[in-house]
1. Anything in the range 76-102 that is within 17 Å of the chain's Cα centre (by Cα) and surrounded by 14 or more Cβ atoms within 10 Å (Cβ to Cβ)? List them, or say none.
2. Please identify the pairs in which a residue from the range 120-133 that is in the same structural domain as residue 105 (by TED's automatic domain parsing) has its Cβ atom under 8 Å from the Cβ atom of a residue that is surrounded by 15 or more Cβ atoms within 10 Å (Cβ to Cβ) and assigned to a loop (DSSP other than H, G, I, E, B), counting only partners at least 6 apart or on another chain.
3. Return the only residue of 90, 69, 74 being in the same structural domain as residue 186 (by TED's automatic domain parsing) and closer than 26 Å to residue 258 by Cβ.
4. For the list (1) free of Cβ contacts under 8 Å to residues at least 60 places away in the same chain; (2) part of a helix (DSSP H, G or I); (3) over 19 Å from residue 179 (Cβ atoms), I need the number of the one condition that residue 214 fails.
5. Tell me, yes or no, whether the range 150-160 has at least one residue that is in the same structural domain as residue 228 (by TED's automatic domain parsing) and more than 29 Å from residue 262 (Cβ to Cβ).
6. Tell me, please, whether a residue that is touching a residue at least 24 places away in the same chain (Cβ under 8 Å), within 27 Å of residue 99 (Cβ to Cβ) and part of a loop (DSSP other than H, G, I, E, B) can be found in the range 155-169.
7. Looking for something at pLDDT 85 or above, under 24 Å from residue 280 (Cβ atoms) and either assigned to a helix (DSSP H, G or I) or in the same structural domain as residue 246 (by TED's automatic domain parsing) (or both) - is there at least one such residue anywhere in the range 40-47?
8. Right, residue 60: surrounded by 12 or more Cβ atoms within 10 Å (Cβ to Cβ), over 23 Å from residue 246 (Cα atoms) and out of contact with any strand residue (DSSP E or B) (no Cβ under 6 Å at 6 or more places or on another chain) or not?
């Protein structure tokens with residue numbers, strides 16, 4: 001009995017599938033294009049598109065009568081952001097906080113990651129890595145308010161937080177509390193890349209350095225550290241960028257401290273969207289420059 005039209009559908013479908021498979025095998029560029037088109041389109045439209053709108057809105061103006069944003073172009077917002085000394089102080093303070101958090105995270109992460117990767121027993125490494133990343137398991141606000149309880153200075157009638165009760169002293173709320181809290185929040189992002197870099201480091205290099213008479217510190221400085229530069233740079237991207245843009249922790253433990261994020265938030269609540277967009281040009285420029293430097297150090301190879 002001859003096959004009807006419906007009986008040929010599976011064969012045709014299979015033929016189309018095999019034909020498409022052969023086409024993609026022969027043309028690898030087409031396979032790659034089909035694979036990355038939608039992710040790249042999403043990145044361009046959603047991320048870069050919204051970033052372009054943000055930058056463009058920095059050149060809009062505010063109608064002085066209706067207090068509404070208009071599309072009249074002006075340089076007044078950018079000139080105000082660049083020409084006010086108090087804003088420069090805030091920008092420099094924000095960069096200093098981000099750099100301090102990055103350095104503290106590095107000082108904590110280096111010995112910890114080295115112990116886990118090279119000294120700990122193989123069966124204990126997984127548990128130690130999980131323990132090092134435990135802060136990431138809790139919510140941001142939970143951790144920030146936990147640190148507030150640690151630094152609580154108390155009042156004239158007594159009381160206070162953990163440090164006050166344990167050792168009778170606390171730095172209180174302010175810039176030191178902001179740096180320490182942000183370090184606590186972001187140090188796992190420094191530990192993981194450094195651990196991955198150390199895990200890839202052949203132990204034979206350490207043995208060879210020891211055989212040649214290198215002391216432990218000399219081995220670490222001359223052998224381990226140069227090979228870890230890309231991993232350190234990769235971790236610093238997270239700690240620096242997350243600290244630079246943070247404003248919630250500053251409100252919780254920073255007392256009167258102000259960073260770039262706080263200026264942007266306060267300006268948005270004014271509301272003055274074009275001026276807030278002009279403030280965002282600072283972190284954008286800073287991060288572009290920072291990413292360029294870290295890219296030269298090989299950071300993106302370790303992400």
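The values are calculated or read from the model by the stated rules, or taken from the named source; none is laboratory data. Only a predicted model underlies this, so the values are computations on that prediction, with no experimental measurement involved. Cβ sites come from the backbone with ideal geometry, for glycine too, and all protein chains shown count toward neighbours.
1. 94, 95, 97, 98, 99, 100, 101, 102
2. Listed by first residue and then by second, the contacts come to 128/120.
3. After applying the criteria, what remains is 90.
4. (2)
5. Looking through the range 150-160, at least one residue is in the same structural domain as residue 228 (by TED's automatic domain parsing) and more than 29 Å from residue 262 (Cβ to Cβ).
6. Within the range 155-169 (the criterion being touching a residue at least 24 places away in the same chain (Cβ under 8 Å), within 27 Å of residue 99 (Cβ to Cβ) and part of a loop (DSSP other than H, G, I, E, B)), the answer is no, since none of the residues qualifies.
7. no
8. Here the answer is no, as residue 60 does not meet what is asked.
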